[in-house]
Amino acid sequence: MSLEFTPEDFYKNATAKQERVFCFHAIMTTSTGIWLGDNPLMFSLPLLLFQIALIFIFTRISHSILRRLSIPIVISQIIAGILMGPSCMGRIKYVERILFSPRSWEQLNTISLLSFMLFLFLIGLKTDLSMIPKAGKKAFAIAICTSLFPFAIVILTGFLLRSSIPLRFKQRFLIVNIASSWSMTSYTVVSCVLADLNLLTSKLGRLAMSATLITEFTNLFITAVIGSYLLGSKGDSALMGVTSMAAFLGFMAFLVFVARPLTILAIKRTTPEGGMLDEVCFVGVILLAFVCGFVSELIGYHATMGPFMLGLMLPGGAPLGVTMVEKLERLVVGLFLPVFLASAGLRLDLWTLGDRVGEWMVLFFYLMIGISAKFVGGLMPCLYCRMPMRDCLAIGLMMISKGIYEIDSACRWQDNRIVDRQLFTVLVLAIVLVGGGSAPLVKHIYRPEDRFVAYKRRAIQFLKSNSELRILACIHGQEHVNGMLTLLDSAHPTALSPVCLYALRLTPLAGRAATLLAPYARHRTPFDAAAASDTDHIFNAFIQAEQLYTGCSILPYVCISPYASMHEDICSLALDKKVFLIIVPFHKHLAIDGSVSAPIPAIQAVNSAVLRFAPCSVAVLVNHGLAAESSAFRAGGIPHAAVYFFGGPDDREALAFGLRMAEDSSVGLTVVRFRLPNATMEGTEERLDERMMEDVRIRKADGSRVVYREEVVKDGEGTVGVIREISGRFSLLLVGRGDGQETELTSGLSIWSEFAELGIIGDLLASTDFGGRVSTLVVQQQRRVAGNGQPESVRMGKAVKSEVDEEDD
């Protein structure tokens, strides 16, 4: 019996036959506590809890530092394991003997593999299989080239350099295993990396996920066929191989024709519309995943295959996917999965690299050959399709991403003695190097927002008279409908001045990985309020409003996307439909009883991103009871609006929208211009402001329905006094967002600003503490216009200056 042995000895004993057997003293599950002389770390349960807590702390600290470099969380957790393992803290004998001794590895491995099973089940559940039939030729070409090309290159290189391959590599077919495993791109790895980088909804992100999903399915069936063939060729008869293949196909048939229909039926019978799964269904689905894992092991596959395939077959989204994510994902991904990844770092030992340097350098060489060939394989179809070079490089880097799949393969190879501890260390270091390097490069190279740059002016100020005004109205819930409909009415749609409204219903993504941006399918049957969803109710209101106007067309769209990338769908639709104005609701809403709803930070982040990247003008609606005077918005509308004009492009855009509203004879408009006592007309912006004001005074203002007035103030205090005095007379206030910089007119007001997306004056008007309950529309003119590489503000300023100069000439 030996009590002092290395982790390497333990793995030899645990994974090979006819080796020494090590004995431990009998270990109890729970201790009686330190007060009776027990050391809790010598008992299995306290030790396991302490290890999980320690791993959680180290992984969180590691990721909090490395995420600033855009390192994926999977890589951060592996690095945390390396720091706790024999490469660093494990060099201290007490730490290695007490905290991570071999006697505790069995329970750690069990917990980690169980969490890995559930993690893959969740990944499969969130996956949209419709990506495969929707995938174009480009996705299939990328899938083929990134799989076959690196496999062929590694095998060819191994054949040409076979004399330099170490004997133990040949005996264990290590080069063939490297070629087959590292040539495949895991859907799990790519989806996790893209989620970390907020690129799931991007064009290239969807392309990469489609290609990897094709690769995943193809690899599964090829592995089943080859495994059955080898099993039949090694056995006494071919019947064993045929039986193995039949078992695999039977298991797939069970998932498709039994597990999926029964689960869907149970959900329909027990789950109300829009509700979550009840406890019976929830536990039943989890139990079914465990059974699938057991059956996978039974028929000769890894236990993770069954739960992953079950997740793929079950419907994602609400209610199943949403319930699983809400109740299970945080526990699995946040607490238990780090144990699996950190365990890989605990297994390796950097100090072993000092021996047999030539051999492990050969392994590293073949790994880099495979990665390079895979990168080139991703570039080839993209270059053939004449994609931009930055997009080609981004696809290549996405397809070489490494992470949890490769860690699982490396751990299995060590358990099966295909690699020893030194080679396992090289494999994990290569995963950290490639996975930790490719993700930051993707984020640096690929910026989806770059395509949201218009090549023409998309602003109301530059819209020709009698041209169609295209508006994109963003709606998160039913509380935003009345305000948007009232603004539609105020835009004065007529046959001579039509309005096209794109009503976009925004829903946060939950329980699925694939996003959705598509037109709303209108119901052909009569509207049934009892059976309708929130989306149906919202769009039914817009469809009914469309009937009231002769010059209005309303096109409803549905967007299901994570909040982090929701602005990309909004900007993409605005760019494709050549929209002139995007209207987004403020993230705080005034209820009917006068109370202010709790702010939603995620919506605030979406609004800020839209303001930053929009290809047209943007307006933020702060609804303090707009259209509350009458339930029929057409009857009430906006009887009197005001524009507070301080100067600048945003104020000119707000004034342009106000003048559009004033074309309706039932709407009154007051233009209030704030000026300093000794204001001068120097500079391009001031000259443009004066020209627009002159147009209002001479052509628009009539002294009754359209009123122009000037307020001379000295500082911000005077501005606040005027606004406080006159704001209560109006139904809607329009103001430009501005650039956030204080002027003499707004001096001292920025220190009270709470919401940067509203600007200084907009934030003042939106505050209920200010004493007003008037709705406010904060407008920002288009900022992003394609040009010669200069900043948008500079390009627009030069263009406007040339227009002024030409007119003066």
State yes or no: is Ile78 outside any helix (DSSP H, G or I), open to solvent by less than 50 Å² (accessible area, probe 1.4 Å) and not hydroxyl-bearing (Ser, Thr, Tyr)?
no
Considering only segment 231-290, how many residues are farther than 30 Å from Thr535 by Cβ and either at pLDDT below 90 or among the polar types (S, T, N, Q) (or both)?
14
Quick one: in segment 639-675, of everything that is assigned to a strand (DSSP E or B) and among the charged types (D, E, K, R), which residue is surrounded by the fewest Cβ atoms within 10 Å (Cβ to Cβ)?
Arg675
Here the qualifying pairs (Cβ atoms under 6 Å; residues six or more apart or on different chains; first in segment 142-160 and closer than 25 Å to Arg386 by Cβ; second part of a helix (DSSP H, G or I) and among the hydroxyl-bearing types (Ser, Thr, Tyr)) come out as Ala143/Thr215; Ser147/Thr215
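For the structure I just gave you, tell me whether Arg162 is surrounded by fewer than 16 Cβ atoms within 10 Å (Cβ to Cβ), in contact with an Asp or Glu (Cβ under 9 Å, 6 or more places away or on another chain) and at pLDDT below 90.
no
Residues checked against (1) open to solvent by 30 Å² or more (accessible area, probe 1.4 Å); (2) closer than 23 Å to Leu48 by Cβ; (3) out of contact with any helix residue (DSSP H, G or I) (no Cβ under 8 Å at 6 or more places or on another chain):
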| site | (1), (2), (3) |
| --- | --- |
| Leu83 | yes, yes, no |
| Gly90 | no, yes, no |
| Lys93 | yes, yes, yes |
| Glu96 | yes, yes, no |
| Ser112 | no, yes, no |
| Met117 | no, yes, no |
| Leu125 | no, no, no |
| Pro133 | yes, no, yes |
Being over 18 Å from Leu328 (Cα atoms) and not hydroxyl-bearing (Ser, Thr, Tyr) is the filter here, so list the residues in segment 293-305 that pass it.
Phe294, Val295, Glu297, Leu298, Ile299, Gly300, His302, Ala303, Met305
What number of residues within segment 588-615 are under 21 Å from Leu733 (Cα atoms) and either open to solvent by less than 10 Å² (accessible area, probe 1.4 Å) or modelled with pLDDT of 90 or more (or both)?
4
Scan segment 725-745 for residues that are closer than 13 Å to Val672 by Cβ and touching a residue at least 24 places away in the same chain (Cβ under 8 Å) and jot them down.
Ile726, Ser727, Arg729, Phe730, Leu733, Leu734, Val735, Gly736, Leu745
Looking at segment 407-452, which of its residues are modelled with pLDDT under 90, open to solvent by 30 Å² or more (accessible area, probe 1.4 Å) and closer than 29 Å to Met566 by Cα?
Arg447, Glu449, Asp450, Arg451
If Val21 satisfies every condition in (1) among the hydrophobic types (A, V, I, L, M, F, W, C); (2) open to solvent by 80 Å² or more (accessible area, probe 1.4 Å); (3) at pLDDT 80 or above but one, which is the exception?
(3)
I'd like the full set of residues that are crowded, with 21+ Cβ neighbours inside 10 Å, in contact with a Ser or Thr (Cβ under 8 Å, 6 or more places away or on another chain) and polar (S, T, N, Q), limited to segment 203-234.
Thr212, Thr215, Ser228
Could you tell me which of the residues Glu694, Glu685 is within 45 Å of the chain's Cα centre (by Cα), more than 23 Å from Ser731 (Cβ to Cβ), acidic (Asp, Glu) and not in a strand (DSSP E or B)?
Glu685
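The values are calculated or read from the model by the stated rules, or taken from the named source; none is laboratory data. It should be emphasised that the depicted structure is a prediction, and the values quoted were computed from it without experimental measurement. We place every Cβ from the backbone using ideal geometry, glycine too, and count neighbours over all the protein chains shown. Heads up: the accessible areas ignore ligands, DNA and RNA and are worked out on the full protein's heavy atoms, side chains in. Shrake-Rupley method; radii C 1.70, N 1.55, O 1.52, S 1.80 Å.
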